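To keep things clear, I will list the structure first and then write my remarks on it.
None of the figures in this text is laboratory data; all of them are computed from the coordinates on show. Worth saying up front: this structure is predicted, and the values here are computed from it rather than measured. All Cβ positions, even for glycine, are placed from backbone atoms using ideal geometry, and neighbour counts span all protein chains on display.
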Amino acid sequence: MPATVAVIGTGYVGLTTGAYLAHLGHTVICADVVADKVDQLNRGEVPILEAGLEDLVSEGLSSGRLSFVLGAANAVAGAEFVFLCVPTPQGEDGSADLSYVRHAAGEIAAGLAPECIVINKSTVPVGSTRVVEEALGRDDVFVVSNPEFLREGSAVHDCLHPERIVIGSDDQAAAMRVAELFEALRAPLVITDPASAETIKYASNAFLATKVSFVNALANVCEAVGADVREVVLGMGHDPRIGFEFLKPGPGWGGSCFPKDTRAMVHIAEDAGYDFNLLRGVIAVNDEQYERMADKVERMVGTSLEGCEVAAWGLTFKARTDDLRDSPAIEVIRRLRERGARVRAYDPTVDPHAAAEDPRLGDIELGADAYAVAAGAQVVVVLTEWDELRWLDYAKVAGSMAEPRIVDTRNLLDAPALRRLGFTYTGLGRDG
Ligand code: UDX
């Protein structure tokens with residue numbers, strides 16, 4: 001049954017949720033606090049790089065089922081369901097900052113229709129369903145938790161083909177009403193209590209971060225004993241209890257979720273009287289990884305990095321997104337520069353002119369393409385697994401560099417082919 005839905009917040013989660021719910025046949029009004037963004041979205045312009053999202057938004061706008069308004073209060077009148085998709089940034093002590101959630105709840109409280117269901121999609125600490133209930137101060141509406149598991153870069157696909165839908169509610173009938181919204185997706189349903197639903201989101205991200213830190217630590221061991229981490233992962237992954245996913249070594253995990261959610265989980269445990277030292281170890285391995293990548297570059301060069309010309313390929317926290325939040329690439333570049341290197345960087349999604357204003361990039365020098373930044377460099381370091389980097393003319397790259405050397409922190413490139421062209425090449429967790 002098509003429903004009337006409001007979505008508060010048009011970030012990655014809110015915008016994708018609004019667009020795919022409209023695609024499923026519901027009538028959706030999305031609200032944001034930034035007037036320019038609302039205008040832009042009403043024109044069908046999507047401000048983030050996300051495969052398929054612009055098409056989904058255009059489809060929603062032309063069907064009349066999707067629209068964007070300024071201010072949460074203007075979206076909720078008559079809505080049967082209200083999704084809260086506002087940010088939950090990391091507070092100073094590592095805990096999640098709920099001020100946006102509280103503020104949004106306060107803003108919509110008076111305008112909610114009786115029997116309306118408010119759905120928390122933001123990643124919120126255990127107990128936040130109660131926080132929203134209190135901020136709303138309404139006993140004729142329901143608050144339900146419905147964590148989102150989409151990945152940036154495949155957000156639309158993940159929303160339309162979810163592995164599971166988790167709904168946390170003390171009211172079975174409210175949970176079933178929410179489940180009906182997603183009926184067309186035919187995904188496995190986990191209906192549980194709010195605290196368990198909220199914990200599932202943190203636990204999932206913490207577990208995935210643990211896998212990546214494990215494989216990054218394993219890569220160090222492989223290098224030391226002469227094993228190849230890719231072969232080791234292949235041999236492990238055939239065991240279905242382990243699997244192949246999320247076992248690619250890299251420069252560390254980053255992005256808008258893992259760093260903040262792992263720290264929040266440690267904090268949640270601490271507040272509950274448990275020292276989650278396993279997860280603290282996972283975070284520590286990740287923090288060390290940036291330094292290890294800088295060490296690798298220094299080893300490749302063979303001398304101090306003072307005055308060394310380094311070309312960095314990739315700035316985003318992973319490929320297929322333009323998101324620079326908590327990007328390991330930027331962390332590694334910062335460390336290279338602290339060691340005196342002169343770094344020039346290239347990323348296919350970062351416009352060198354527009355980027356001058358971006359505080360996350362600081363004064364990192366940017367080039368127009370991979371060739372331009374490699375020219376004259378003593379070493380190239382691959383930091384993001386952009387597919388286009390596989391298909392460069394490497395004879396041209398080698399010819400333009402001061403020394404043809406590549407540190408490939410993503411194991412992206414074809415090592416034997418590069419060696420044949422005269423490169424000194426090193427990847428992660430394998431020989432050389
Ligand atoms: C993650 C979760 O996957 C998603 O379910 C949740 O909703 C939000 O957080 P996302 O932040 O988009 O999604 O990125 P993801 O693809 O999970 O990658 C996270 C980080 O781990 C990236 O920096 C990525 O490069 C790194 N990673 C991932 C690896 O280094 N190796 C891997 O094998 C997998």
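Taking H placed 1.01 Å from N in the peptide plane, check which residues at least 5 places from Phe83 or on another chain put their amide H under 5 Å from its amide H.
Ala6, Val7, Ile8, Ile119
Simple spin-label model, 7 Å along Cα-to-Cβ: Ser400 to Glu291 in nm?
For Ser400 paired with Glu291, the spin-label model returns 3.5 nm.
With a 10 Å Cβ neighbour count serving as the proxy for reagent exposure, in which order, fewest first, do Leu234, Leu208, Leu383 appear?
Listed from fewest to most nearby Cβ atoms, that is Leu234, Leu208, Leu383.
Given labels modelled 7 Å from the Cα in the Cβ direction, how far is it in nm from Arg299 to Asp97?
Between Arg299 and Asp97, the simple spin-label model gives 3.9 nm.
With charges only on Cβ, +1 for K and R and -1 for D and E, what is the dipole size of segment 282-426 about its Cα centre, in debye, rounded to 20?
Roughly 520 debye for segment 282-426.
Sorted by average packing, counted as other Cβ atoms within 10 angstrom per residue and highest first, what order do 342-355, 321-334 take?
321-334, 342-355
Could you run the Karplus curve 6.51 cos²θ - 1.76 cosθ + 1.60 with θ = phi - 60° over segment 147-157 and give me ³J(HN,Hα) per residue in whole Hz, x for Gly and Pro?
Each residue's phi maps through the Karplus curve to give x, 10, 10, 5, 9, 5, x, 9, 4, 5, 4 Hz.
Give the residue list of GluC sites (Glu not before Pro) in segment 100-193 that are DSSP loop and have at most 10 other beta-carbon atoms within 10 angstrom.
Glu163
Under a crude label model (7 Å from the Cα following the beta-carbon direction), how far is Gln172 from Val34 in nanometres?
Each label point lies 7 Å from its Cα, and together they span 4.4 nm.
In debye, nearest 20, what is the charge dipole magnitude of the chain about its Cα centre with +1 on Lys and Arg Cβ and -1 on Asp and Glu Cβ, if you could check?
So the magnitude is around 1040 debye.
Along segment 286-291, what does the Karplus equation 6.51 cos²θ - 1.76 cosθ + 1.60 (θ = phi - 60°) give for ³J(HN,Hα), rounded to whole Hz, x for Gly and Pro?
Here the 3J(HN,Hα) series is 5, 4, 5, 4, 4, 5 Hz.
Sort Thr316, Thr4 so that the residue with the fewest other Cβ atoms within 10 Å of its own Cβ comes first and the one with the most comes last.
Fewest to most other Cβ atoms nearby, the residues stand as Thr4, Thr316.
Quick query: amide H of Val143 versus all other amide H atoms, modeled in the peptide plane; which residues come in under 5 Å with a sequence gap of 5 or more or a different chain?
Val118
Mind sorting Trp391, Trp386, Trp253 by how few other Cβ atoms lie within 10 Å of their own Cβ, fewest first?
Final ranking by Cβ density, sparse to dense: Trp391, Trp386, Trp253.
With unit charges on the beta carbons (Lys and Arg positive, Asp and Glu negative) and the dipole taken about the Cα centre of segment 4-192, which residue among Leu185, Ala110, Pro47 sits farthest to the positive side?
With unit charges placed on the Cβ atoms, the residue in question is Leu185.
Using only alpha carbons, build the gyration tensor for segment 348-432 and give me the equivalent ellipsoid semi-axes, biggest first, whole Å.
Equivalent ellipsoid semi-axes, largest first: 24, 14, 11 Å.
Subtracting the Cα-Cα distance from 0.36 nm times the residue separation, let me have the gained length for Arg334 to His157 in nm, one decimal.
That works out to 60.4 nm of additional length.
I'd like the trypsin sites (Lys or Arg not before Pro) in segment 222-275 restricted to DSSP loop residues with at most 15 other Cβ atoms within 10 Å, sorted by number.
Counting only loop positions with at most 15 other Cβ atoms within 10 Å, the trypsin sites (Lys or Arg not before Pro) in segment 222-275 are Arg241.
Using only helices, what value at 222 nm comes out for the chain when you add -39,500 (n - 2.57) per DSSP H run of length 4 or more and divide by the total residues, to the nearest 500 deg cm²/dmol?
-12500 deg cm²/dmol
For Ala345, list long-range residues whose amide hydrogen, built 1.01 Å from N in the peptide plane, is under 5 Å from its own amide hydrogen.
Ala312, Glu365, Leu366, Gly367
What fraction of the DSSP beta bridges in the chain is antiparallel, stated in percent and rounded to the nearest 5? Please list the in-between numbers first.
Values: 2 of 45 bridges.
Of the beta bridges lying entirely in the chain, close to 5 percent run antiparallel.
Any chance you could run the full-extension gain for Asp140 through Ala224? It's 0.36 nm times the residue separation minus the Cα-Cα distance, nm to one decimal. Walk me through the numbers on the way to the answer.
On the way: separation 84, 0.36 × 84 = 30.24 nm, distance 6.23 nm.
Length gained between Asp140 and Ala224: 24.0 nm.
Applying the Karplus parametrisation 6.51 cos²θ - 1.76 cosθ + 1.60 with θ = phi - 60° to the phi angles of segment 403-411, what ³J(HN,Hα) value in whole Hz is obtained for each residue in order, glycine and proline being reported as x?
Using θ = phi - 60°, the values come out as 9, x, 9, 9, 9, 10, 6, 10, 6 Hz.
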